[in-house]
Amino acid sequence: MLQLDDPKAAVHLRTHARARKLTLRVSSVDGTVTLTMPPRLPLAEARAFLARQADWLRPRLDAAPTLIPVTSLTHIPFQGEDLPLRPHSGKRAQFAPGVLLLPQGEGAGPALARLLKARARLALAEASARYAAALGRPYGRITLRDPRGRWGSCSSRGDLMYAWRLILAPPAVLDYVAAHEVAHLAEMNHSPEFWAVVARLMPDYATPRDWLRAHGASLHRFDFS
């Protein structure tokens, strides 16, 4: 990682075997700056490239969304509902009737993330099993990650990956992503045949899909560090 002083930014370095030139990207989701470089390119050249791109980078950083530390919030979305956050003396985040209890201190954010991931795994495993049974196709393992560019994926082996932040969205949105990825067990593409499978699994999929397109980026504004 490189640290720029003007404009002020942390730049994530990424080496890609197929890269033929330096490319710079600012995420519209969380403002992350990524510099992709060809293999074996001297770091000095990457630094010089960044210096030349300062005028291009500055306005894009200014326009990037601001992350919100969850420890500064009084409420957080959980399955589409704003749930109050309350401090407590325990060491783990936990649910209580109508509220989320957070430990006090620096570990509150990661503790909340762990709790939400556990709930996401349960919800996504249930939805995946339900749709796979309806489709009559088995799936492999389920992995949870925190990607910025996708909400789920299905590998050629039938393994499913989901973004754990889906637990923040309304339940129908999480269900839609599960139906979408399970549908890939039958159609590994986005052809009309694929969308027909999605519609068979979830006839009203268009509404949660539209919600995700309109509001999905907002799920990434919460900082759990």
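The values are calculated or read from the model by the stated rules, or taken from the named source; none is laboratory data. All values derive from a computational prediction rather than experimental measurement. Here Cβ is always computed from backbone atoms with ideal geometry, including for glycine, and neighbour counts include all displayed protein chains. When the accessible area is computed, the model is the full protein with side chains, heavy atoms only, and any ligands, DNA or RNA have been set aside. Shrake-Rupley method; radii C 1.70, N 1.55, O 1.52, S 1.80 Å.
Roughly what % of DSSP beta bridges within the chain run antiparallel, to the nearest 5?
Antiparallel: roughly 55 percent of the beta bridges in the chain.
Let me spell out the model: positive unit charges on the Cβ of Lys and Arg, negative unit charges on the Cβ of Asp and Glu, origin at the Cα centre of the chain. What dipole size does that give, in debye rounded to 20?
700 debye
R0 = 25 Å: FRET efficiency of residue 2 with residue 159, Cβ-based, nearest 0.05?
For residue 2 and residue 159, the calculated efficiency is 0.15.
How far, in nm, would the chain grow between residue 211 and residue 146 when pulled straight, counting 0.36 nm per residue and subtracting the alpha carbon separation?
That works out to 21.5 nm of additional length.
Shape verdict for region 147-225, please, from the Cα gyration tensor: rounded (a/c under 1.5), prolate (a/b greater than b/c) or oblate.
oblate
For residue 13 and residue 47, calculate 0.36 nm times their separation in residues minus their Cα-Cα distance, and state this gained length in nm to one decimal.
Gain on extension, residue 13 to residue 47, equals 11.2 nm.
When the Cα centres of region 7-60 and region 102-168 are compared, how far apart do they sit, in Å?
Result: 30 Å between the Cα centres.
Expressed as a whole number of Å, what is the distance separating the alpha-carbon centroids of region 81-97 and region 173-216?
33 Å
Which helices, counted as full DSSP H runs in the chain, have an axial Cα extent of no less than 30 Å and a Kyte-Doolittle average of 0.0 or above?
Answer set is 108-135.
Carbon and sulfur atoms: what percent of the 1.4 Å accessible area of region 13-68 do they account for?
Carbon and sulfur together cover 51 percent of it.
If you bin the C-alpha pair distances of the chain every 5 Å from 0, what whole percents do you get?
Bins of 5 Å from zero give 1, 6, 12, 14, 14, 13, 13, 12, 9, 4, 1, 0 percent of pairs.
Of 57, 29, 44, which is farthest along the charge dipole of region 26-79 in the positive direction, counting Lys and Arg as +1 and Asp and Glu as -1 at C-beta?
44
Applying 1/(1 + (r/R0)^6) with R0 = 41 Å to the Cβ-Cβ distance of residue 89 and residue 61, what FRET efficiency is obtained, to the nearest 0.05?
0.55
Give me the Kirkwood hydrodynamic radius of region 1-123 in Å, from all C-alpha pairs, to one decimal place?
17.4 Å is the Kirkwood radius here.
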